[in-house]
Structures are given as structure tokens and as C-alpha cells.
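Below is one structure, written out as C-alpha cells; comments come after it.
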Amino acid sequence: MSVLASAGRSPARRLAFSAFRHAVLLAASVLTLGPFVLMVSISLKSPGEIFAPEFSLWPQTWYAWENYSLAFTKQPLLRFILNGFFITLCIFTAQALFALPCAYALAKLRWRGRNTVFVFVLLGLLVPPQVPAIPLYILLWQVGLLDTYAAIILPSTISVFGIFLMRQFFMTVPDSLIHAARLDGVGEFGIVWRIMLPTAMPALVAFGVLSFIWNWNEFFWPLLVVQSEHLATPPLGVVFFANAEAGTNYGPLMAAATAVTAPLVIAFLLAQRWFIEGVTMTAVK
Amino acid sequence: MASVEISKVAKTFGETAVLRSVSLSIEKGEFLTLVGPSGCGKTTLLRIIAGLETQDSGAVKIAGIPVDHLPPKRRDVAMVFQNYALYPYMTVAENMALPLVMRRFSALQRLPLLGRLLPGTTPIRAGIDAEVGQVARSLAIDHLLSRRPAQLSGGQRQRVALGRAMVRNPQIFLMDEPLSNLDAKLRVQTRTEIAELHRRLGATFVYVTHDQVEAMTMSSRVAVMLEGDLHQVAPPQEIYDAPADLAVAGFIGTPKINLLPAQVRGDGAFAVLDRVWPLPQVEALAGGYTLGVRPEAWTPLRAGGRVALCAMGGIVRHIELLGSETLVHFAVEGLQQPLVARVDPMVGATLRLADAVTFGVSPERVHVFDAQGRRVPRRDALEFREAAVG
Amino acid sequence: MADIAFDDTRLPARSRSYRAGAAAELLAGWVLSGPAVALMWLMLLGPAAAVIVLSFTDWTFGARSIEWIGVDNYVELAGDRVFWTSLANTLIYVAFVVPVSVFLGLGMALLIESGNSLRGFYRAAIFLPVTSTLLAMALVFQFAFHPTVGVINRTLMAVGIPTTDWLKNPDAALFALGMIGIWQAVGLNMVLFLAGLKAVPRDLYEAAAIDGADGAWERFRRVTWPMLGPALVFVVTITAIRSFQVFDTVAVLTEGGPNKATTVLLYQMYQEGFSFLRSAYAAALTCVFLGFVLLLTWIQVQLLDKRTHYG
């Protein structure tokens, strides 16, 4: 028994519905997966074949080595990918370090100013990330940090969404656990790291996944602050690549796109549940 | 008003057999309660009657007509769910009207917006409103008709769920633990109200509960279900006085029935631990038996007083004061568990922990079960035997 | 140590121990949240406030002087043809992406949930675009939209539908970008609806079946749709806000062209602020953008408030 189908229908109708369901969902899957398949397919083809009048998914001449080696040598593609890992890791570490204690204080301590701080968090949730861009750019320019890793990382070190998410999670942790820890002589910092962090692991992992997706894919801000090629994040790197190749050399370009997309897709396939749960968590907003 | 005939219904979920060939006939206008611990299959049986679940084998007839291939709406049953299952986005009036709307309007007339413009809907709507109002008044919820379920108390929601079942005048009311979400005081009150409702409507009620007090107080007959089997179907008092087997005896009654191992000797008397109990009411062959004694069947015997025919001596281990009665737990040599006796508080007050006590029981009040756990019938055979095992 | 402190606070009069505890909690509260609050103001709330202030000045990037000019930037915006074009483009984009992706997301969720086979596969396949790097995928779409060798035109030609140079045709470019937006948004909407569907109590469907509402349409109309109300409001708002932020595809695929046909608010802000260095004017554009996002959130709160008593 489910949302659409009900029990007690005739087998023929049930079969017809099942066929309809699979037909529609299969068509949808083809449309959503199509671009990925196309990307990989083209990354394996020679330029002549890409622009040939007839099209086939499977390359007639195997051109993978040429395309991928060109992608990794023409531009420091590996460097872009490593930059991506380095930047997302720094950002997530900072976000967790700032968000966890704050979320604990908001969820479990009673202090004057708590409501005010929570209002700040809610206000922060209302502001799209592009809004503070201009003043932040000016600020980084003033302190001479433009075109550095710090310029990419610093604005993302605080995540009001992370604070909010962890606060919601901490609210569900029973007070008695904290009271027991206090009676056992654990200080407030100790409570955050020893008691709250382990219980909050599932939420933290989900937030980590979300933070990774956002920051790996972020394009707007790196585009503003990065000029040097060696600092480029993966999406920015792909654009540098496209610009350098005038955007017509599709084989290597798709090879680069494949390489940049691969980490997230592989991570998604390995930890599908976490990805979907993490993204669904945005629904608590 | 209709009868329900269930024959050899079986249902398996994955590996577990939830119902093993259950047969049960429910008479017109009867209040039958399915009682059993959670997971015994009673709710599944109710859902099979409703048509929400399909049995693997066996058949269900309502009013003599096979309904196995009918969807729930064509079975003319109403159901009160454990969590009431009220539509949270509809008002009380809309909740109660829905079954009538679904029956009296055509599919075209039910279309949103457009349906209202079609001719002939106004008188039907007025009729529905009148009937909803009438049922609401009879349940004293007519002042709540424009509220939504979230604005109601638990007891009020319960009445709305009852009302939604009542408006249709169904042949059969199915109730799945309808009182389990109410607090203790309200539960007692609602128990009476549902029993009254049954008398007033005269419809067939099939009621599922794990609470034996509800089963005993409301029903005309009780069906005891344990692990997918019907063990006994009988009026409440008979279930208590003549349990069909050890499992029923152990399930019905609080505190639990006391069980004693016994052997029948050559002369037909029972050897219980170090004592001999003559139980003339049963005819027993030699072998192992289990004797059951309800806590209230024990009477304390004074030292030096007259010697009862059936007695058991022990040491007082624990005394529970319940106000209207006192429970005495006394340990008997040779038994792992202490026995429990329910005595008058005046008597209980004379007892102290570690006192040596002797309790007697009249032979007629001893239940005898054979090695398979089945009740050994009385000689006079006054008991109903049909009840044993479905 | 802990024991002494504990006795010390417990034995004396009640009020004193309460005060001591409260002071400790006040301190702990600020120590634990202080760094986050400071950073929040430095990186988010402060700059957001600064953007508003900046929008009332005449500052250009690198200029030595700054002057308060009141609402002049907004007056200029009102007379700026490009601004009206980009606002209209943004709204058209949102009006295209939101209904289509919400409808498709809901449809996919219902279809997935109404059967048991291949659930996991369909969910993963439709969700995959959500996690993908939009920038890289945009380049794939650029190829797919290629006028002669792109798969889209090849397919259209095969079935005899007239083709166009999608990204170069002013009438088609915005919708081409919208299709990419839909491609990425459907998966998220589907997952959110799936979560909403999971939250619908089963016994409501059963009650409906007994009450006589048991066809697919009646079940959907009497139970699923009203129960999904709050989820729907949320999905529509979040998709609308995300669509308002469309930038990546515009920046790499069309650069606002052809002939401003795909210039959207954020892209114009980017151009004014970082290509033409008119910081204050870009700040005013940011404020308009922020205003629309806040308006959407306000509408969401209003709609959800009405429904909270559903409980």
C-alpha cells in the first residue's frame, strides 16, 4: 500500500501501473544521467569523431589517453583538484570548530544574550552568500589578502547553517547526560568535545557532506578573489581550461570536466545515504 | 448489523507466521474483543476483516457474503484507529463528513471547485451536514465541529474518530486499541461509553486490545489470541473461571495465577510438593499435571485451626498493600517463585515478613491442566468445551 | 577540587548558589559562542549591513573619496534599462524553473514511492545532478546545446522539430539555462518530497480506504496532497531562492548575452562591481537582490504560519 497504489487492485492494472512507473522513471533517469554519460563519452573521443555527422556513445577510435593527458598537462588540473580538497577540508574544520561550541551554548546553556545570539544566527540564515561579497572583497583588498588561499577560505569559515543545524540536534540530547557529566567534574569545553561531539556525529557527518558539496562546487566567490592559476578551485580551473582552449577542444575539456566531477560522484556513490540525508537536512531550515 | 465468519485464515509476514489458521464466528450485534499481548496477531486479524490486509489463505464472510476480493470501502465496515487517524488538515465536521461525501457524491461531483457547481449537490450536502450534526450531538462534540484535530484534547479526538465511524451506520465497527492513547481516568470513562454505544447502536463490534480489563468489562465474548492462535473464545467470566489452557490462565488475571506442579497418585489424589490434594471434581489418569490457583482463591489458615483439604505452607517474603486488598507473596520450599495470595487488608495487617503462613484453597477452585497444558474438564462437565482451541 | 566547589555552592543560601551558577553559565555561554558570533559579524552580518550602507554612497572601487548620495543609486537603477532587463530575466528564469522542477520533483517522488522495485537506483540517478559540479556540467550542456553536433539538436532533427542555436538565440538562451537549472533542481525537490511522503502516517491512507477514498486520485487528493502542504511551501521557496541566485551557468555559457537576453541580477551585480568597479551601484543591486530573497522567505513564513496548527 503506498501513496498512489492501493491494495486490492486487479493484477492486470497493477502490472500496467508498474510498467508506467518504470517507463517514466527510466526516461527521467536517462535525462538526468545523460549529461554524465555524454561527458565521459566525449572525453574518450577524437576531435574528428566529436564533430562527425553521425553520433555514437561508444568511441570508434579510443582517444582517452590523448584527451586525459592533455587535460592534466596543459593546465595543472591535478593541482586544481588538490586545491579543492585542501580548501574544503580547511573550511569544514573551521566551520565545525566554531559551530559546535556555539550550538551547544545555544541549545543547552541558559545565559543572558542567548536569544540575541540566536537571532543573529537566524538573520544570518536569511542572507544569501552573495550579499556580503562586495564588502568582503574590499576588506580582503585592504588587508592585502586577495588572491590567496585565505581569501577563498576565510568567508566560509563561519556557517550559520551549521550552527543552526547542530543546535537543533543538540536540543534533542537529554539534559541529564550533561548534568551527569557536570557531576562527574567535566568542564563546559569538555562537555562539548567529549559528550556532545560523539552524540552529534551523525549530524556532523551530514553537515560535513553538505559543506563539502557546497564548497567544492562554489564558483562565484573564487571567481572574484582568485587570479592566479595555481590557487584555482576545481570549477574555476575548468573555466581557466575552457578559456585557454578557446572552448572548442571538447575532448580534453570533457576529460577535465570528468576529472573535476569524479570526486563528488564517487563520494556520492560510496555514501549515497549520507549525501541524501545531508541534503534533506536543509529542510530543517 | 451483520455477522462475521472467519475460516482458517492464515497470514505470514516474511518468516514469521502472524496468524496460523484462525477460525472465528462473530454473531450479529455481538461485542467481541480480541485480546492478547502485542504481536499476537490480533491487529492483523482486524485489518484482514477490514480489508486493509490480504490473508494468505482462508476466507472471510461478512453477513454471509464472501468479502475476500472486496476493497475496504465495499465491506461496509468502519474502523477506529489506535492513533485515531484523523485528517489533520480537515475540520472535525469535514473529518466526519468524508465517508458520506465519498459515498453519496459521484466522482464528478467530488471534483474540487467544479463539483460544487454541478446540479443536485446542495440537497446531498445538506443531508450530510444534518447527519454529521446529529452524530456530533450524540457524542457531545457538536461545539467542536469547526475545529481541527490539533486543537482537540486526546479524549475529544477519540470521540471524533468514533463519530467518523458512526455517521455511516456501518454493519460492523472495528476498533484497534482505541483507548490506549488516553490517560487512565479517561480510559475508564470511555470504556463505559463505548459499551453504552454498543447497546444503543446494536451493531456488531470487533474490538482489539492488549488490556484484559477492557476485554473483561466491555465484551459479550472475549477471544484470547496468543502467538497467532485463538486459544479460547468465551464470555468474559468463563474465560476467567474456566481458562481453556495454561496460556489463557496465565494471560488473564492480575496478579497472575499461581502454578504448582503435581503428580497423580494411584488413588487419584494429586501430590503437590510435599502435600496431597484430593481434587474429586476431575478424573485424572496417572501422570504429570499443573495446578492453577487464582490469588483470591487462597484463604489464610490459622495455626491450630481446622486443616483444609488443600493447603500450602510457606514463609512470607513480601507484602504489597493496595488499600482495598493486600497481596501476600509467600515462598514455598520446592518452588522457585513465591506464590501470591490476595487477602483482606485486615488479615494482611496481622502478617509480618518471615512469618510462617499456611494458605488453603477449596478443591473446586483449583484449575487442573494436563501435561500439554490443556484444561482437564470437570466431571460434571458443566463447562463449555467448544471453546478449547480453534 | 570538584567536590569542594560542589559543596561550596550547595550549602549556602539558595539564591547565592543560583547566582554563582548563573554567572558561570553566562561566562561559559559567551566564551563558547563568542568566537562564532565575532566571525559571524565579521564575515556575514557586518558585510551585509555594509552593503546596505554602501548602496547609499557614490564609492567606486579604489576611489579615495566617498560621499553620501542618498537614494541616487536606486534612482539610477530605476532608469537603468539593463537593470530592468536583468530583473525581468531573473523573474522569468524563476517562473520557469520553479513550477517545472517542483512538479517534476513531486511526480518523481510519487512514482518512486508507489512501487518497490529499483527505488534506490531511481533515487540515486535523479539525485546525482544535485551533487555534481554545476560548472563542469555546464560545459557538457554547452556541447549538448551545440547547434550542429550537440545531442539536443541532433535528436530534434531526427524527429523533425525545428532546431536553433540555443545559447546564441536571444529567445531561447534563457530557457536553455533554465533547463540546466531544472536538471539540477529536480533531484533535490524529489528528495525533499520523499522525506515529506515518509512523514505521512500510513493509517491516514487506511482510514481513507475505509471511508471510501481508495483510488489513486482520491488518495492523492484527500491525503497525500494536503499532508505535503508544508513540504510543498518549503520546496517552492527553497527552489525559488536558489533560482534567484542563478549565476554560474550565465557566467560561463552566455556571459549575459546574447544581447543581454540572459543577464540576471547577480550577473549584472558581478559586472558592475567587479568589471566596472562601481562598488556602490553594485551594492544597490545586491540590496534589490536581497530584498527579493527576503520577500520569498516572508511569504514562506506567512504560508507556513497558517498551517502550523495542523500539528
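Before moving on, here are some points about what is shown:
- Per-q log10 I(q)/I(0), the protein assembly as shown, q = 0.04, 0.07, 0.09 Å⁻¹ (Debye; single scatterer per alpha-carbon; no solvent): -0.31, -0.84, -1.12
- Accessible area (Å², 1.4 Å probe, nearest 10) - C:ASP214: 20 Å²
- Rolling a 1.4 Å probe across the protein heavy atoms gives segment C:72-305 an accessible surface of 35 Å² per residue.
- Chain pair C, A: total accessible area buried, heavy atoms, 1.4 Å probe, Å²: 8700 Å²
- Across C:MET269, A:MET201, B:MET346, the residue with the most accessible area heads the list, and the full order at a 1.4 Å probe is B:MET346, A:MET201, C:MET269.
- Mean ellipticity per residue at 222 nm, deg cm²/dmol - from DSSP H runs of n ≥ 4 across chain B, formula -39500 (n - 2.57): -7500 deg cm²/dmol
- Neighbouring partner chain Cβ atoms per residue of A:217-224, average, 10 Å criterion: 5
- Sulfur and carbon atoms: percent of accessible area, segment A:2-63 [1.4 Å]: 76 percent
- Cα-based shape type of segment A:18-100, given that a ≥ b ≥ c are square roots of the gyration tensor eigenvalues and the cut on a/c is 1.5: oblate
- Three-way shape label, chain B, alpha-carbon gyration tensor, a/c 1.5: prolate
- CD proxy at 222 nm, helix term only [per DSSP H run n ≥ 4: -39500 (n - 2.57); per residue of chain A; nearest 500]: -22000 deg cm²/dmol
- Derived value for segment A:178-228: Kirkwood hydrodynamic radius 13.7 Å. Basis is the mean of 1/r over every pair of different alpha-carbon atoms.
- Accessible-area ranking of C:LYS168, A:LYS108, largest first, probe 1.4 Å: C:LYS168, A:LYS108
- If you plug the beta carbon distance of B:ASP344 and B:ALA311 into 1/(1 + (r/R0)^6) with R0 = 22 Å, you get a FRET efficiency near 0.75.
- Efficiency of FRET from Cβ geometry, C:ARG81 and C:PHE175, R₀ 25 Å, rounded to 0.05: 0.70
- For B:LYS185, the aspartates and glutamates whose Cα comes closer than 19 Å to its Cα, not counting residues fewer than 8 places off in the same chain, are B:GLU177, B:GLU193, B:GLU196, B:ASP211, B:GLU214.
- Here the ratio of the Cα radius of gyration of chain C to 2.2 N^0.38 Å is 1.36.
- Label point at C:VAL53 placed 7 Å out along Cα→Cβ; residues across segment A:138-168 whose backbone nitrogen lies under 13 Å: A:139
- Solvent exposure ordering (accessible area, 1.4 Å, most first) of A:LEU270, B:LEU139: A:LEU270, B:LEU139
- Two-site FRET efficiency, B:THR54 against C:TRP225, from Cβ-Cβ distance with R₀ of 30 Å, rounded to 0.05: 0.65
- For B:LEU114, the accessible surface of its heavy atoms amounts to roughly 90 Å² (probe 1.4 Å, protein chains only, rounded to the nearest 10).
- Given charges at beta-carbon only (K, R positive; D, E negative), |dipole| of the protein assembly as shown in Debye: 1540 debye
- Solvent-accessible area per residue, Å², over chain B with all protein chains present [probe radius 1.4 Å]: 46 Å²
- Protection proxy ranking for A:110-118, C:130-138, C:249-257, using the average of other Cβ atoms within 10 Å per residue and placing the highest first: C:130-138, C:249-257, A:110-118.
- Size of the B/C contact, given as accessible area buried on both chains, probe 1.4 Å, in Å²: 2200 Å²
- Residue-averaged beta-carbon neighbours from other chains (10 angstrom radius) around C:280-289: 2
- Fraction of beta bridges assigned by DSSP in the protein assembly as shown that are antiparallel (%, nearest 5): 75 percent
- Within chain A, the whole DSSP H helices whose Cα atoms reach 27 Å or more along their own axis and whose mean Kyte-Doolittle score is at least -0.5 are A:11-43, A:77-108, A:250-270.
- In this structure, the residue pairs whose Cα-Cα separation is over 21 Å, taken from B:LYS11/B:LYS256; A:LYS74/C:LYS260; B:LYS8/B:LYS42; B:LYS8/B:LYS61; A:LYS108/C:LYS198, are B:LYS11/B:LYS256; A:LYS74/C:LYS260; A:LYS108/C:LYS198.
- Applying 0.36 nm per residue to the separation of C:ARG119 and C:VAL31 and subtracting their alpha-carbon distance, the gain on full extension is 26.9 nm.
- Over chain A, accessible surface divided per residue gives 43 Å², non-protein components excluded, 1.4 Å probe.
- Screening chain C for whole DSSP H helices with an alpha carbon extent of at least 20 angstrom along the helix axis and a mean Kyte-Doolittle hydropathy of at least 1.0 yields C:81-113, C:173-198, C:225-244, C:279-307.
The values are calculated or read from the model by the stated rules, or taken from the named source; none is laboratory data. Treat the numbers as computed from the prediction; the structure is a model and nothing was measured. As a convention, Cβ positions derive from the backbone with ideal geometry for all residues, glycine included, and neighbour counts pool all protein chains shown. Note: areas computed on protein heavy atoms with side chains; ligands, DNA, RNA excluded. Shrake-Rupley method; radii C 1.70, N 1.55, O 1.52, S 1.80 Å.
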